[in-house]
Amino acid sequence: MRVRSGRTVRDLRRENRTAVLQRLYFDGPLSRFSLGPATGLSSGSISNVVAELVAEGLVEEAGSVDSAGGRPRTLLRVSQHSACMIGVDIGETRVRVELFDLALTELARVEMPLTANGPRRVDRYDVSVVVGHVRDGVEQVVRQAGVDPARLLGVGVGVPGIVARTPEDGAVVHGQTIGWNAVPLERLLRAAVPLPESVPYFIDNGAKTLGQ
C-alpha cells in the first residue's frame, strides 16, 4: 500500500509540474493567479509547484503586470537554458534521436539505420536492436551536447503502433506492421538506457507525437 500510495503521490506531482510547465511554455509569461484556471490546479498547488520549479531553475520571473485593485502580479516563464529534452523517432528505415533545449533548439542529433537481416521485413525491427539503437543514440546526443542527464525533463518516443499502458510495464507497444505484440518498451528502455530513474518517458504513436 505504501508503494502504491507513493507512486500515486509521485505521479500526481509529476502531472502538476507538467501542467504548469506546459502552460508557461505555450502561453507564458503568466502569473501565479492566471496559472490556476489555465491548469485547473488550486492556488496552493500552484504555489508549491512554482516554488519548486523556481528553486530548480526551470522557471524564472519575467517582470510584472498590474492587477485590479491590488499589488502587481509577478509574471513567470520557462527558463530556456535550464533543462533539455530528448525526442526519439522509431521510423521505417532508421531510429533518430535528437536533443533540444526548452526553446526547441536542436543541440545534437544522431540517426541509426534499421536494415533487414533476413528475408522477412520485420527482422529489422527486432526489439533488442531498436532498444540498442535508442540506448546508443541517447548516450551519443548527451555526450555531444555535454549535457548533464539530470537536466533532462523527459524522453519522448514515437513508435509505429498502438500504445497501451500497464502499472507493471508502463507503455506497451502493439505494432502489427513491425511484428511487435505487447512489447513492454518503456520497461526495456528504462533497463537499457543509462538515465536517472526520475527522467520520465512519454511513448506514443508516431503520428500523434508528430502532431504534438
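The values are calculated or read from the model by the stated rules, or taken from the named source; none is laboratory data. Model, not experiment: these values are computed from the prediction. Glycine gets a Cβ as well: all are built from the backbone with ideal geometry, and neighbour counts include every protein chain shown. What goes into the accessible areas is simple: the full protein's heavy atoms, side chains included, and nothing from ligands, DNA or RNA. Shrake-Rupley method; radii C 1.70, N 1.55, O 1.52, S 1.80 Å.
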Looking at region 36-51, is at least one residue open to solvent by less than 50 Å² (accessible area, probe 1.4 Å), out of contact with any helix residue (DSSP H, G or I) (no Cβ under 9 Å at 6 or more places or on another chain), at pLDDT below 85 and of a type outside the set (Asp, Glu)? no
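Yes or no: region 115-125 includes at least one residue that is crowded, with 20+ Cβ neighbours inside 10 Å and modelled with pLDDT of 90 or more.
First, the residues of region 115-125 that are crowded, with 20+ Cβ neighbours inside 10 Å: 125.
Going one step further and asking which of them are modelled with pLDDT of 90 or more, we end up with none.
No; the residues of region 115-125 include none that is crowded, with 20+ Cβ neighbours inside 10 Å and modelled with pLDDT of 90 or more.
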For region 176-191, how many residues meet the condition of being in contact with an Asp or Glu (Cβ under 7 Å, 6 or more places away or on another chain) and open to solvent by 50 Å² or more (accessible area, probe 1.4 Å)? 1
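One residue is enough: does region 144-164 have a residue meeting the conditions in contact with a Phe, Trp or Tyr (Cβ under 7 Å, 6 or more places away or on another chain) and either farther than 30 Å from VAL9 by Cβ or among the acidic types (Asp, Glu) (or both)? Reasoning before the result, please.
Going through region 144-164, the residues in contact with a Phe, Trp or Tyr (Cβ under 7 Å, 6 or more places away or on another chain) turn out to be 154-157, 161.
Subset that is either farther than 30 Å from VAL9 by Cβ or among the acidic types (Asp, Glu) (or both): 161.
Scanning region 144-164, I find at least one residue that is in contact with a Phe, Trp or Tyr (Cβ under 7 Å, 6 or more places away or on another chain) and either farther than 30 Å from VAL9 by Cβ or among the acidic types (Asp, Glu) (or both), so the answer is yes.
Among the residues of region 134-163, write down those that are among the aliphatic types (A, V, I, L, M) and open to solvent by 40 Å² or more (accessible area, probe 1.4 Å). Lay out the reasoning, then the answer.
First, the residues of region 134-163 that are among the aliphatic types (A, V, I, L, M): 134, 138, 141-142, 145, 147, 150, 152-153, 155, 157, 159, 162-163.
Within region 134-163, ALA150, LEU153, ILE162 qualify.
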For the list (1) touching a Pro at 6+ places or on another chain (Cβ under 6 Å); (2) within 16 Å of VAL155 (Cα to Cα), I need the number of the one condition that LEU104 fails. (1)
Unmet criterion (only one of (1) farther than 27 Å from GLU56 by Cα; (2) hydrophobic (A, V, I, L, M, F, W, C); (3) outside any strand (DSSP E or B)) for LEU189: (1)
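Of the residues that sit in region 193-212 and are over 14 Å from ASP89 (Cα atoms) and surrounded by fewer than 15 Cβ atoms within 10 Å (Cβ to Cβ), which one is nearest to the chain's Cα centre (by Cα)? Steps first, please.
Of the residues in region 193-212, the ones over 14 Å from ASP89 (Cα atoms) are 193-200.
Going one step further and asking which of them are surrounded by fewer than 15 Cβ atoms within 10 Å (Cβ to Cβ), we end up with 194, 196-198.
Working: PRO194: 16, PRO196: 13, GLU197: 13, SER198: 11 Å.
By that ranking, first place goes to SER198.
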Inspect all residues belonging to region 60-68 and state whether any of them is within 13 Å of LEU153 (Cβ to Cβ) and open to solvent by 60 Å² or more (accessible area, probe 1.4 Å). no
Restricting to region 35-47, count the residues that are assigned to a helix (DSSP H, G or I) and free of Cβ contacts under 8 Å to residues at least 12 places away in the same chain. 4
